[in-house]
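The values are calculated or read from the model by the stated rules, or taken from the named source; none is laboratory data. A quick note: this is a predicted structure, and the numbers were derived from the prediction, not measured. Here the Cβ positions follow ideal geometry from the backbone for every residue, glycine too, while neighbour counts run over all protein chains shown. Only protein heavy atoms, including side chains, enter the accessible area calculation; ligands, DNA and RNA are left aside. Shrake-Rupley method; radii C 1.70, N 1.55, O 1.52, S 1.80 Å.
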Amino acid sequence: MSRSLMALGLTILLVSVGAVAFADSHEEATVYVWINAMKAKPGQGDALIANLIENDGKQFDPLVESGKALEWGIAMPVVHDGDDPVSHYEWVSFVGWEGVDKFMESFMAMRQATSPEDLKAMGEQWSALVEPGSHADVINRSVHIGKSDLSRPGYIHLGYWTAHADNMDGAMKLYKEYAAPVYDKLLADGAIQNYGLHMPAVHRSHGWTHMSWYSTQNLAARDAVTSAFDAKDAAMSEDEMKALMDKANKAYKPGHIDQILLVVHHKMASGGAEE
């Protein structure tokens, strides 16, 4: 979805960005997360956030409140590489492509009700805030998700992995057998808020095949996550660890990329927090 089509933009998280508030009523449905990445012009970061909340909120808030979307939010990267291509992520989570259709219907109705002069002013405002050519979309499909406590996430922790093309089933099986039980325990203990796994729904120039994520209220929760995985590994015998590493090497290519996102705005369905 292009920025011109969106006028002032559709986003998800990076981000993730994201962390999906997944109600029990949606348990059997497929969730799609539409992520919009952009880079603010120098000194315009706060103004961009305010612009997204005011203008995109006119579209997204009613969708969330009516249950046509699960959540939407804005996040910023915590870890930087220098000359980063992205400074802000915005995301919206929908139940099935039907949910995206509901958004498009609302968007087109609002666009048709806006005068050419106002559309031009909106475009000029956007151009003053965002670096030209920095906007990019990612649409992910949620292939695994935990049970959210429906509280506002403070941070979203991401890991990007690339599976071998001839062993996609093995990559998914490894995640469910090894990682998911650890995250389930962390979720039950209240150490994390939710977790899940995404795969690209619309393939573009992604260099990854799987994006793992978990959400927390604070960064200290990373210690609990690290300790939980360390404990799982320590409980394995030498043979069990060797077998695990063999499965991992057959499922995924070496190396992965991590990112941490700070959530600066979030609204979810089912009475979730808004800020």
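Data for the structure
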| quantity | calculated |
| --- | --- |
| Region 155-270, relative contact order in percent, only Cα pairs under 8 angstrom and at least six apart counted | 49 |
| Per residue value of the accessible surface for the chain (all protein chains in place, 1.4 Å probe), Å² | 48 |
| Fraction of accessible area attributable to carbon and sulfur, region 63-120 (%, probe 1.4 Å) | 53 |
| Gyration tensor (alpha-carbon) shape descriptor, region 157-274, a/c threshold 1.5 | oblate |
| Cα gyration tensor category, rounded, prolate or oblate, for region 56-167 with a/c compared to 1.5 | oblate |
| Three-way shape call for region 170-238 based on the alpha-carbon gyration tensor, with the a/c threshold at 1.5 | oblate |
| Kyte-Doolittle at least -1.0, axis length at least 18 Å by Cα - qualifying DSSP helices, the chain | 96-112, 116-129, 221-234 |
| Among Phe229, Met172, Leu261 - extreme Cα towards positive end, dipole of region 116-275, charges at beta-carbon | Met172 |
| Gap separating the Cα centres of region 43-89 and region 177-198, nearest whole Å | 25 |
| Debye equation applied to the C-alpha atoms of the chain, log10 I(q)/I(0) at 0.15 Å⁻¹ | -1.11 |
| Carbon + sulfur, % of accessible area of region 141-182 - ligands and nucleic acids excluded, 1.4 Å | 54 |
| Karplus-derived 3J(HN,Hα), 6.51/-1.76/1.60, for each residue of region 45-50, Hz, glycine and proline x | x, 5, 5, 5, 4, 4 |
| Cα-centred dipole magnitude for the chain, charges only on beta-carbon of K, R (+1) and D, E (-1), debye, nearest 20 | 380 |
| Dipole of the chain, positive end: most advanced residue of His203, Pro42, Ile74 [Cβ charges, Cα centre] | His203 |
| Of Glu65, Glu238, Glu90, the one that fluctuates the most in a GNM where the chain has Cα springs shorter than 10 Å | Glu238 |
| Most mobile listed residue (Ser215, Ser237, Ser227) in the chain, GNM with C-alpha springs under 10 Å | Ser237 |
| Gaussian network model of the chain, Cα within-10 Å springs - most flexible of Ile156, Ile192, Ile74 | Ile192 |
| Modelled FRET efficiency - R0 41 Å, Lys185 with Gln44, Cβ distances, 0.05 increments | 0.45 |
| With all protein chains modelled, accessible area of Met108 [1.4 Å, Å²] | 70 |
| Relative contact order [Cα under 8 Å, 6+ residues apart], the chain, whole percent | 28 |
| Extension gain from Val78 to Lys242, taking 0.36 nm per residue of separation minus the Cα-Cα distance | 55.6 nm |
| Share of carbon and sulfur in the accessible heavy-atom surface of region 205-275 [1.4 Å probe, %] | 52 |
| Most to least accessible of Val79, Val33 (protein chains only, probe 1.4 Å) | Val79, Val33 |
